[in-house]
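Peer 1: Before I ask anything, here is the structure I am working with.
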Amino acid sequence: MNTTTATPSMGRTRGWRGWLGARGQAAGGGADALPVRVGGTEYRQGTATPAYVLGFDQALLWVVVLLLAFSVVMVYSASIAMPDNPRFGAIAPTHFVVRHVVAIGVGFVAALMAFQVSMNTWERMARWLFVASLLLLIAVLVPHVGVVVNGARRWISLGLMNFQPSELAKFAVLIYAADYMVRKMDVKERFFRAVLPMAAAVAVVGGLLLAEPDMGAFMVIAVIAMGILFLGGVNARMFFLIALILVLAFAAMVWLSPWRRERIFAYLDPFSEAHALGKGYQLSHALIAIGRGEVFGVGLGGSVEKLHWLPEAHTDFLLAVIGEEFGLIGVLLLIGAFLWLTRRIMQIGRQAIALDRVFPGLVAQGVAIWLGFQAFINMGVNLGALPTKGLTLPLMSFGGSAILMNLVAIAVVLRVDYENKLLMRGGRA
C-alpha cells in the first residue's frame, strides 16, 4: 500500500524490517517487498493491495460460534447424569450446562469489551497485565482465598463463578512475550539480553503454577513463550537450547514426583491390573468410550461411559464422549475445525507482520499456538496418544475461566484482523 500509518512500535522494529528486506532481496525481490502469502494473497509493503473488507474475519467468528454451540450440547449430554452421583449432592440435571451458558455469556461480554481495545493499548498494558497475573497467582495460594478442588488450589471464588488465575496467566504471558520481543528486537541474537530475562519471567510463573500444582498450565505457558521467541526471530541455536532445557526440566519434574511418574507408567499400560482402577482409570474408560463409538457413533445422548464410568466427562474428557456419541466422523470433524482455526489465526498474524505490525502479529500467532497446542494435548490424552494431563479442550470443555479467556483471546485476534483491514483501506488503526 502506498500510505504508511505510524504506530508507537514502528520505531522499535527497524531491525525486523531490515531483516525482512534482506530476505526479500535474497529471494530476488526488492527491499520494499514483504514476501508473505496469506490465504492465496501476497502482501507487499509499498504496493497497492486490494482487500475485501468485512470489518473482521467473519468465517473465524462463525467457526468459534459453532464450536461454542456444539460445546453447550455436549456439556449437557456429558453432565446430565451427574445428579445421580452422591459426590455432587442435590443438583439439577441442567446444573453444569446452565453454568456453562452463563460462562459463555460472561465471556461474550468480556470479548466485546476486549475487541474495543486497540492493539497499541494492549502493547502499553502488557507489563501491567503480566504483574496483575502474578499477583493473582500468588493470591490463589493464600489460605481462605484460593479454592481447593481435588487437592489442587487453583481457583478464586467470585460468587457467580470460580476464576482460575492460570488462564489469565496464559493470556498475560502471551501479551508480555510479544511486547518483550518488540522491545528486544535489536538484541535478539544475544542470549543474556534477549532470552534470559524472558526465561526468568516464565520460570517465576512456572514456580507459582507448580505450587498449586498445575503443571499442564505451565507447559502451555512455556510453549507460548517459546513460540513467540522463535517467531520473533531469536537465534535458532538459542531456541533449541531452551527447548532442550525445558524438556529436561519437565522430565525431571515427572521423575522426581511419584504420582506424576505413576501416571506415565499407567499411560503405557492403562488396562493392567495395577493401573486399571488407579492412575489408568480415566484413560482406559476414555479408550472404551471412543472404541464404542466406532465410525458413526452411538448417537447423541447414547453414551454409556458418561454414566459415572468416565470421570470428568464434561471437562478434560469431553472428546471421549464426543467420540462415543458421534464416532470417528465426529472426532475428525472436530480435529479439522481446530486445525482450520489455528491455521486461520496464524494467517492473521502473518498478515499483520506483512503490514509492518509486529506486536499484533506476534499476539495473533501466540493465540494460535495457545489454542492449537492445548487442543493437541487434550485430544492426544483422550485418544491415548499422550499421558493424562489436566488440560481442557479450548472453547468446548466446561470451565468458566477457560471459556472466558479463550473468548477474550479470540476477540483480540479479531481486533488484529480488523486493524489489518483498516490499514489496507488506508485508514488508521
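Peer 1: Using packing as a proxy for protection, rank 390-399, 223-232 so that the peptide with the highest average count of other Cβ atoms within 10 Å comes first.
Peer 2: The packing order, highest mean first, is 390-399, 223-232.
Peer 1: What does the charge count around Val205 come to, taking other residues whose C-beta lies under 13 Å from its C-beta (Lys +1, Arg +1, Asp -1, Glu -1)?
Peer 2: Summing Lys and Arg as +1 and Asp and Glu as -1 gives -2.
Peer 1: Report the longest stretch of the chain that contains none of the trypsin sites (Lys or Arg not before Pro) sitting in a DSSP loop with at most 14 other Cβ atoms within 10 Å.
Peer 2: For trypsin sites (Lys or Arg not before Pro) (loop position, at most 14 other Cβ atoms within 10 Å), the longest site-free span of the chain is 191-424.
Peer 1: Still on this structure: Mind checking the per residue accessible area of the chain for me, 1.4 Å probe, whole number of Å²?
Peer 2: 44
Peer 1: Let me ask another. GNM on the chain, C-alpha springs below 10 Å: top fluctuator among Gly400, Gly349, Gly278?
Peer 2: Among Gly400, Gly349, Gly278, the largest mean-square fluctuation in the Gaussian network model of the chain belongs to Gly278.
Peer 1: Just want the answer: with Cβ charges of +1 for Lys and Arg and -1 for Asp and Glu, which residue in Val98, Ile224, Pro394 is farthest toward the dipole's positive end in the chain?
Peer 2: Result: Ile224, furthest along the dipole toward the positive end.
Peer 1: In whole Hz, with x marking every Gly and Pro, tabulate ³J(HN,Hα) for segment 155-161 from phi via Karplus 6.51 cos²θ - 1.76 cosθ + 1.60, θ = phi - 60°.
Peer 2: Going residue by residue, I get 10, 10, 6, 10, x, 5, 7 Hz, with x marking Gly and Pro.
Peer 1: If you roll a 1.4 Å probe over segment 118-274 with all protein chains in place, what percent of the accessible area is carbon or sulfur?
Peer 2: The C+S portion of the solvent-accessible surface of segment 118-274 is 69 percent.
Peer 1: Let me ask something additional. Would you kindly derive the ³J(HN,Hα) couplings of segment 387-395 from the backbone phi angles with the Karplus curve 6.51 cos²θ - 1.76 cosθ + 1.60 (θ = phi - 60°), listing them in order in whole Hz, with x for Gly and Pro?
Peer 2: Rounded to whole hertz, the list is x, 4, 9, x, 10, 7, 7, x, 6.
Peer 1: Right, another one. Given H placed on each backbone N at 1.01 Å, which residues far from Leu386 in sequence or on other chains put an amide H within less than 5 Å of it?
Peer 2: For Leu386, whose amide H was placed from the backbone, the distant partners under 5 Å are Val381.
Peer 1: Using modelled backbone amide H atoms (1.01 Å from N, in-plane), which distant-in-sequence or interchain residues come within less than 5 Å of Val147's amide H?
Peer 2: Arg154, Trp155, Ile156, Ser157
Peer 1: I'd like the distance between the alpha-carbon centres of segment 87-142 and segment 394-429, rounded to an integer number of Å.
Peer 2: 14
Peer 1: Under the Karplus relation 6.51 cos²θ - 1.76 cosθ + 1.60, θ = phi - 60°, what is the ordered set of whole-Hz ³J(HN,Hα) values for segment 112-122, x standing for Gly and Pro?
Peer 2: These are the phi-based 3J(HN,Hα) values: 4, 5, 5, 5, 6, 8, 5, 5, 4, 5, 4 Hz.
Peer 1: Under 16 Å Cα to Cα from Lys421, which aspartates and glutamates show up? Leave out anything in the same chain fewer than 8 places away.
Peer 2: Straight-line reach from Lys421, under 16 Å: Glu42, Asp57, Asp356.
Peer 1: So what is the calculated 222 nm ellipticity per residue for the chain, using -39500 (n - 2.57) for each DSSP H run with n of 4 or more, over all residues, to the nearest 500 deg cm²/dmol?
Peer 2: -21000 deg cm²/dmol
Peer 1: Compute a Gaussian network model of the chain, connecting alpha carbons closer than 10 Å, and tell me which residue from Val220, Val367, Val63 fluctuates the most.
Peer 2: Taking springs between Cα atoms under 10 Å, the residue moving most is Val63.
Peer 1: Still on this structure, I have one more. Post the alpha-carbon centroid distance, segment 203-232 to segment 355-386, in whole angstrom.
Peer 2: Spelled out, the Cα-based centre of one part sits 13 Å from the other.
The values are calculated or read from the model by the stated rules, or taken from the named source; none is laboratory data. Not measured: the values here are computed from a predicted model. Don't worry about glycine lacking a Cβ; one is built from the backbone with ideal geometry, like all the others, and counts go over all protein chains shown. All accessible areas refer to the heavy atoms of the entire protein, side chains included, with ligands and DNA or RNA removed. Shrake-Rupley method; radii C 1.70, N 1.55, O 1.52, S 1.80 Å.
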